1. Tell me which residues, restricted to segment A:293-348, are at pLDDT below 90, out of contact with any helix residue (DSSP H, G or I) (no Cβ under 9 Å at 6 or more places or on another chain) and among the β-branched types (Val, Ile, Thr).
2. Assuming B:Leu227 fulfils every condition listed in (1) within 12 Å of chain A (Cβ to nearest Cβ); (2) part of a helix (DSSP H, G or I); (3) not charged (D, E, K, R) apart from one, which condition is it?
3. Within segment A:157-167, restricting attention to residues that are in a helix (DSSP H, G or I) and within 10 Å of another protein chain (Cβ to nearest Cβ), which residue is surrounded by the most Cβ atoms within 10 Å (Cβ to Cβ)?
4. Output the qualifying pairs, or none if there are none: Cβ atoms under 6 angstrom, residues six or more apart or on different chains, first residue in segment C:144-165 and under 27 Å from C:Tyr206 (Cβ atoms), second residue not in a helix (DSSP H, G or I).
5. Hand me the list of helices (runs of 4 or more DSSP H) wholly inside segment A:76-152 holding 3 or more residues that are closer than 24 Å to A:Ala63 by Cβ.
6. Within segment A:51-93, restricting attention to residues that are open to solvent by 20 Å² or more (accessible area, probe 1.4 Å), closer than 14 Å to A:Val182 by Cβ and among the basic types (Lys, Arg), which residue is farthest from the other protein chains (Cβ to nearest Cβ)?
7. Counting just the residues of segment B:36-94 that are of a type in the set (D, E, K, R) and not in a strand (DSSP E or B), which one comes out nearest to the chain's Cα centre (by Cα)?
8. Counting only residues that are within 11 Å of chain C (Cβ to nearest Cβ) and touching a Ser or Thr at 6+ places or on another chain (Cβ under 7 Å), which one in segment A:114-125 is nearest to A:Val168 (Cα to Cα)?
Amino acid sequence: MTTGTASADGTPLLQLDAVEQVFRTKKGDVPAVRGVDLHVNEGEVLCLVGESGCGKTTTARIAAGLAPPTGGRVLYRGRALSEMGSEEKVQYRRGVQFVHQDPYASLNPIRTVFATLAAPLRKHGLATSRKDAWEQACRLLEQVDLRPPENFLSKYPHQLSGGQRQRVAVARALTLKPSLIVADEATSMLDVSIRVGLLKMLSKLRTELGTGFVFITHDLAIARYFGTGGRIAVMYLGRVVEHGLTEEVIENPQHPYTRALLDAVPTMDDDEVGAVAGEARKLRGVDIPSLLALPSGCTFHPRCPLFREGLCDTADPPLEPLAVAGGADRDVSCHVVREAVAEAGRAS
Amino acid sequence: MATVVNQERSGTGSSTDRPVLQVEDLRITYRTGRSGRAVEAVRGVSFDLYPRQALALVGESGCGKSTLALGLLRLLPRLGGISGGSIRYQPQGGGDPVDVRALEGRRLRAWRWSEVAMVFQGAMNAFNPVLRIEDQFADTIRAHAEGNGRAARPSMREVRERAAENLRAVRLEPARVLGSYPHELSGGMRQRVLIALSLVLEPQVLLMDEPTTALDLLTQRSIVDMLRELREERGFALIFISHDLALASELSDRVATMYAGRIIETGATPEVFAHPRHPYTSGLMRAVPRVRGGGPGPVSIPGSPPDLAHPPAGCAFAARCPHVRDACHETDPPLETVAVSNGPELTAHRAACLRWRELAEEAAAADDAEQAADAGQTDDAEQAELPQQKGATE
Amino acid sequence: MTSALAPTPAIQRRGLLYRMSRSKSGMAGFVIVLLIIGMTIVAPLVMNHTIAPDPAHAWEGPSGGHLLGTDNSGRDVLKQVLLGGGTVIFVGLGAAAVTTVIAVALGSLAAYLRGWVDSALLQLTDIFMTIPQIVLLAVLGSFFQLTSPILLALLLGSFSWPVLMRSIRAQVLTLKEREFVEAARSLDLGTLRVVFVEIVPNMAGYILINFIIAVTNAIYALVGLYVLGLAPLSGANWGIMIHQAWTYGAIYIASGTPYILAPVFAIALVQLGLVMLTRSLEEVFNPRLAEG
């Protein structure tokens, strides 16, 4: 699998620059995303993982242009969305597509599969006639492994299974030949026996069409599987707390939150115990603080097993590169881990 | 190929006790719409649950596991009903077994919470939204105090004491929780309150249907750990329903895989997960990507479960099975003992597959071959299917 | 409410008529409405349009010759009832169509576009809602000849849309948050297409039910105009019959009772049929109601 590369001049395909999203509610302002910097290169996969309320879905929606951020910028091929003219906006719309979590809600219940696929083809002039649209729709369905496509084109969503619906939703996202697909928990509503099938199909799009992915999931095993060869960003309360190559983050997590998450994954084999055994049990608190009353300093400090008074509860740790032994670039936002690594560096 | 399984994880002395719950050939039928066509959602399920044991029912949506849970508690919706079989409950400290199907009205309600309690997926729906947590406890405790014909109505002080004790058991601060309304608590806290509430009458059996599905990973972990401790302390039997095999394996001594309304494989948890004998169980195990360790990449099971309005003649899994033979489409395989255990017959490792013997031999041969060959090499077929996974497994 | 918005799979599989036939009252309503509409179409074809006055037989009670008796000028009441439904039903349907089209178009655009379009349209509904409809029609009636049923339908329809417009707007406000709408938007399918092809057809059931309610309202409004004498009393219809019966003092004459009651019953029957029809349609589009 090719790791994504930046274009010749080093511009990422999509870049989030200090993106913020504050929702105004009756109870007060909810800072769902609090300054996130991320980028995806052409053909690359970036997994956003975290628990509910960590801001991963909001970040994904901002990246896909479904919600304008209240702060920061979104850049597509180096151009800020907010500064784009209408022509550029169309290019961005065609270039970045979103796949929703719930395949039962994301397809219009009263439109056939063909009508769903043909609409964007006709609207954007990619198909000149009904026959042309039909043929292209067939090819799209083959790309998402719905074969023979003729059997599916005249079906309504309620006549399809959950897995088939999600494939149709992916086919619809592919109509405009996007360079990037933002998928929000695209497999979490599907039965376990068919999840991997969908992931394999998406991986195939990556290799065959060079489509990049921003893949949001709460399931670390799925992030590890789908994000192989790409990068992973772990989010907590609206911030990225750890970021690096998928394999390295999963095999050798640095941030105490990532370590606890990895340890909390249930396992079938007792011998599957990794480097993080027991980390989840060390947590000092189970409940995630409310976004309405964020803890001071590092927002993880009330739960963190590494908590150091006077440091973690006063200063907000920045997300900065950390020299992990034997690893490539890793970003971690933790005072204590950073100190420990620095000390180990001095000692050796 | 039969191996002797010792019952190390099945609780203390389970083989000598009498089962607390005996389910035999249970069938549950739904009538669909006004046309009244019957669909059998549970098609002959039998199992014995022993005191202190934890049984996991695993399977995918539509396999009948939730229907079975509702049926066991006689909580089926109006259009559903038990159409056959028996459920027998053995009260604590001896006495005649109770025929659960024959319980009605007041006796049924009393049985439901004080003998067998349940925790369902959506914790919010289980609470009355306008009552404080302490009032929810009071309602439960008082309703059953009267139901049991006890003379004294427990005072609010007594209620608070008992509630506090149970809340502490689920690691909640009684002072903080008792005066709150359900909506003021987080999802994880609500689920823990619900567990405390279900245990307040000290039932013998706790039935949980996907109790952690809506919860976050770390919350799930803490609830799983807490349940283990609680079970050790209080010794109730547990029926745990989940689609998550790994979670089931962590919580249970025994596991039963369900498919199309039947148990298709059952046995001691470590044994079933180490040597799955039904292709659906092994398929499910292989369908889940692992977060740790290497091993072959995941493989999904093609197709979808049969429509139970028209169940197939032979094995219900035949249409999706990679090992299918013609005979599978004709004969519906019964649950057969596939490994001898030293416990009662119904706790043995059993599977419903015509070809289990052949497949077990193949698997054993493959295991030997794998050990002989270079470690880390994966099966050729899988490599072809999953080129990008190879990097991760090595 | 959500399941009223999205037709359930069963409807698409089995068809609307099949589902409706499962509700007895709904089917009865449907049959009543069909019969009355059929009557208003067939009656003018088989009967003489003009009923000659016969003053010699004025104010006669029911008899073999005149089943419902005669009016003040000796015309047969039954014939008048049979012939007099056409205008009422035509104007009712027409006005409801105008109302529904305006309400759906403005309501869905207001909800989808929000911003200044929404506020402007909401202001407009406020203005329209404060205008007393009957008074305005009376004023208009004195300027224009309201003899044309089409003109009447247009006038009635163009004043009664604001209430429906607001409820359509509320529906679209929730529908537009649905994921398939978001998907259509991110595919850049264009505002009009997203609104009228993706969103509005999902409210088909809701719109149909409200269309029928609009028919009943328009019929009441129209009959009201006639009874009050605000619309020109040319030709013969149920509204005019009531007005005439009233002005000629039918209630004081024993044998005049059928003259005033017959059109009242005819109108009540149409309305009853329509209301029963909406009830069964509601059950069809919202299966949860049918279960209860």
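1. Listed by number, the list holds a single entry, A:Val341.
2. Of the numbered conditions (1) within 12 Å of chain A (Cβ to nearest Cβ); (2) part of a helix (DSSP H, G or I); (3) not charged (D, E, K, R), the odd one out for B:Leu227 is (1).
3. Selected residue: A:Gly163.
4. Partner pairs satisfying both residue conditions: C:Leu152/C:Leu146.
5. Qualifying helices (runs of 4 or more DSSP H): A:86-95, A:113-123.
6. Selected residue: A:Arg61.
7. Only one residue tops the list, namely B:Lys65.
8. A:Leu117
The values are calculated or read from the model by the stated rules, or taken from the named source; none is laboratory data. As the structure is a computational prediction, the values presented were derived from the model and not from experiment. All Cβ positions, glycine included, derive from the backbone under ideal geometry; neighbour counts span all protein chains shown. What goes into the accessible areas is simple: the full protein's heavy atoms, side chains included, and nothing from ligands, DNA or RNA. Shrake-Rupley method; radii C 1.70, N 1.55, O 1.52, S 1.80 Å.
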